[in-house]
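In what follows, a structure is listed as structure tokens, so that the remarks can point back to it.
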Amino acid sequence: QVQLVESGGGLVQPGGSLRLSCAASGRIFSINDMGWYRQAPGKQRELVAGITRGDSTNYADSVKGRFTISRDNAKNTVYLQMYSLQSDDTGVYYCNAKMRVSRFGIFGDYWGQGTQVTVSS
């Protein structure tokens, strides 16, 4: 069984920092793109940052210059370093990965269970 497990969320004051981690485990043949999404109360889930296997990155305009996504392919792990957090960054953060479980299989979309990030004084 393949799964993604996030960690690192919590409560932080405005201007503070957090680092999220997401590790993929199970029978994984390969991982392609990975990314972080977030969903604020009453809003749709949105892409925060994405990273390809070759380390090309893209960010939502609202987090450019404040968030950094990175990955460790040897550990099947993706990270999201968040600085200068604002109240608008509050939400549940979900890890996403495009993974294959066999050599000739197709890439499937996998999601973590989500981790809460709350920015409040």
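The values are calculated or read from the model by the stated rules, or taken from the named source; none is laboratory data. Owing to the predicted nature of the structure, the values given are computational and were not obtained by experimental measurement. Note: ideal-geometry Cβ built from the backbone for every residue, glycine included; neighbour counts use all protein chains shown. Note: areas computed on protein heavy atoms with side chains; ligands, DNA, RNA excluded. Shrake-Rupley method; radii C 1.70, N 1.55, O 1.52, S 1.80 Å.
Worth a mention:
- The chain - percent of accessible surface contributed by carbon and sulfur, probe 1.4 Å: 46
- Computed over the chain with a Gaussian network model linking Cα atoms closer than 10 Å, the most mobile of VAL78, VAL48, VAL92 is VAL92.
- GNM remark for the chain: springs join alpha carbons under 10 Å apart, and the peak mean-square fluctuation among SER25, SER17, SER102 falls on SER102.
- Over the stretch 73-118, Cα pairs under 8 Å with separation of 6+ residues give a relative contact order of 39 percent.
- Relative contact order of the stretch 1-115, pairs being alpha-carbon contacts under 8 Å that are 6 or more residues apart, as %: 35
- Charge dipole (Cα centre; +1 on Lys/Arg Cβ, -1 on Asp/Glu Cβ; no other charges) of the stretch 7-121 amounts to roughly 360 debye.
- Three-way shape label, the stretch 25-64, alpha-carbon gyration tensor, a/c 1.5: oblate
- For the chain, the solvent-accessible area with a 1.4 angstrom probe is 55 square angstrom per residue.
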